[in-house]
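For reference, the structure is listed below as structure tokens.
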Amino acid sequence: MTDQLAHSDLPREILGDAYEKLALFHKKLEEEGEPRGIIGPRDVDIIWERHILNSAALVPFLLEEMDDVRSVKPIIGDIGSGGGFPGIIVAACLPDVPLYLVEPMERRVEWLHEVVDELDLKNVTLVRARAQEVVPGKVAEHIKSLLPKHFKGFDIVTCRAVAPMTKLTGMVFPLIAPSGKLVTLKGRSVETELEKAAKEMKKYGAVSPVVYEAPVGGDLESTRVLVVEKK
Ligand SMILES: C[S@@+](CC[C@H](N)C(=O)[O-])C[C@H]1O[C@@H](n2cnc3c(N)ncnc32)[C@H](O)[C@@H]1O
């Protein structure tokens, strides 16, 4: 099956310097993604749009938020990375930013190791763990050596399709450093999710949520990005 954007200049225009690496990722996803359970059978001809460009829509927001967080050299944690969305795309687009991809499933972590090697991504650390094992001060013994010394949380946490805000808030906010941010891709129902999660957000110091319409590129359907601060 051929990707709907196989003959389009859009991926190259949008991804710039990251295009070559992400074209390798696209090829691996096209050849191995479905049989290895990384993408669904209906996604095979829309890998560029649904997975790679959709993830890349987060990048301009990350650049802006990184300017805003207090840390001199911000670190990003991508939680529940699965096959690498958005973590691998962000890592390729921002090669100078340290990225920690947190994913508990062995099969997916194995896939991610191959991707990091094949794309030669030097800024990625793979952390096989559940989010709950990466809470500063309570980091699980088997992953301590992977995280920075005196880990105080990620300056920015990214994620996509991990859980609704009622559940996601308690999962990821304990991993965010004070004054850090959650910058996440969300679907059309984000406002309803936020309404339902008001109690959890208050409990975990999640404040000032803002929803942005995020262009994916060309005339592709836009996505939505939610930015929430940690008090
Ligand atoms: C629906 S998939 C989404 C994967 C990827 N972010 C994407 O958009 O394609 C959800 C991912 O979250 C991971 N996950 C589930 N519970 C988790 C937890 N407690 N901590 C970290 N990741 C978790 C799953 O293993 C799975 O890879």
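The values are calculated or read from the model by the stated rules, or taken from the named source; none is laboratory data. Owing to the predicted nature of the structure, the values given are computational and were not obtained by experimental measurement. Neighbour counts are summed over all protein chains in view; Cβ atoms, including those assigned to glycine, are modelled from backbone coordinates with ideal geometry. Remember, those area values only see protein heavy atoms, side chains included, never the ligands or the DNA or RNA. Shrake-Rupley method; radii C 1.70, N 1.55, O 1.52, S 1.80 Å.
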Problem set entry | Residues (over 20 Å from E133 (Cβ atoms) and open to solvent by 60 Å² or more (accessible area, probe 1.4 Å)) located in the range 165-188 | P178, R188
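One line per residue, one yes/no per condition, for (1) in contact with a Phe, Trp or Tyr (Cβ under 9 Å, 6 or more places away or on another chain); (2) assigned to a loop (DSSP other than H, G, I, E, B); (3) not β-branched (V, I, T):
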| residue | (1), (2), (3) |
| --- | --- |
| L168 | no, no, yes |
| G180 | yes, no, yes |
| R188 | no, yes, yes |
| G218 | no, yes, yes |
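Yes or no: I46 open to solvent by 10 Å² or more (accessible area, probe 1.4 Å), within 16 Å of the ligand (Cβ to nearest atom) and either closer than 26 Å to P178 by Cα or part of a helix (DSSP H, G or I) (or both)? Explain how you work it out, then say what you get.
On the way: open to solvent by 10 Å² or more (accessible area, probe 1.4 Å): yes; within 16 Å of the ligand (Cβ to nearest atom): yes; either closer than 26 Å to P178 by Cα or part of a helix (DSSP H, G or I) (or both): yes.
Answer is yes for this residue.
Evaluate the following for P215: is it modelled with pLDDT of 95 or more, within 16 Å of the ligand (Cβ to nearest atom) and open to solvent by 50 Å² or more (accessible area, probe 1.4 Å)?
Values: modelled with pLDDT of 95 or more: yes; within 16 Å of the ligand (Cβ to nearest atom): no; open to solvent by 50 Å² or more (accessible area, probe 1.4 Å): yes.
The answer is no for P215.
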Exercise. In the range 52-81, what count of residues is obtained for those that are open to solvent by less than 30 Å² (accessible area, probe 1.4 Å), part of a loop (DSSP other than H, G, I, E, B) and more than 16 Å from the ligand (Cβ to nearest atom)?
Worked result: 3
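Could you list, in sequence order, the residues of the range 82-102 that are more than 11 Å from the ligand (Cβ to nearest atom) and part of a loop (DSSP other than H, G, I, E, B)? Quick ask: steps written out before the conclusion?
Applying the first criterion (more than 11 Å from the ligand (Cβ to nearest atom)) to the range 82-102 yields 90-100.
Result: L94, P95, D96, V97, P98.
Do the conditions hold for V124, that is, is it open to solvent by 10 Å² or more (accessible area, probe 1.4 Å), within 14 Å of the chain's Cα centre (by Cα) and more than 14 Å from the ligand (Cβ to nearest atom)? Break it down stepwise before answering.
Working: open to solvent by 10 Å² or more (accessible area, probe 1.4 Å): yes; within 14 Å of the chain's Cα centre (by Cα): yes; more than 14 Å from the ligand (Cβ to nearest atom): yes.
Criteria met by V124.
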Exercise. Taking the range 82-102 as the region of interest, how many residues are surrounded by 20 or more Cβ atoms within 10 Å (Cβ to Cβ) and charged (D, E, K, R)?
Worked result: 0
For this session: Test each condition in (1) touching a residue at least 40 places away in the same chain (Cβ under 8 Å); (2) within 11 Å of the ligand (Cβ to nearest atom); (3) farther than 28 Å from A23 by Cα for P148 and report the one that comes out false.
Result: (2)
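Please state which one of V157, V190 is among the β-branched types (V, I, T) and over 19 Å from V90 (Cα atoms). Steps first, answer last, please.
Values: V157 fails: over 19 Å from V90 (Cα atoms).
Unique residue meeting the criteria: V190.
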Seminar exercise, completed: Here the qualifying pairs (Cβ atoms under 9 Å; residues six or more apart or on different chains; first in the range 103-121 and in a helix (DSSP H, G or I) and surrounded by 14 or more Cβ atoms within 10 Å (Cβ to Cβ); second among the acidic types (D, E) and modelled with pLDDT of 95 or more) come out as V109/E103; W111/E32; L112/E103
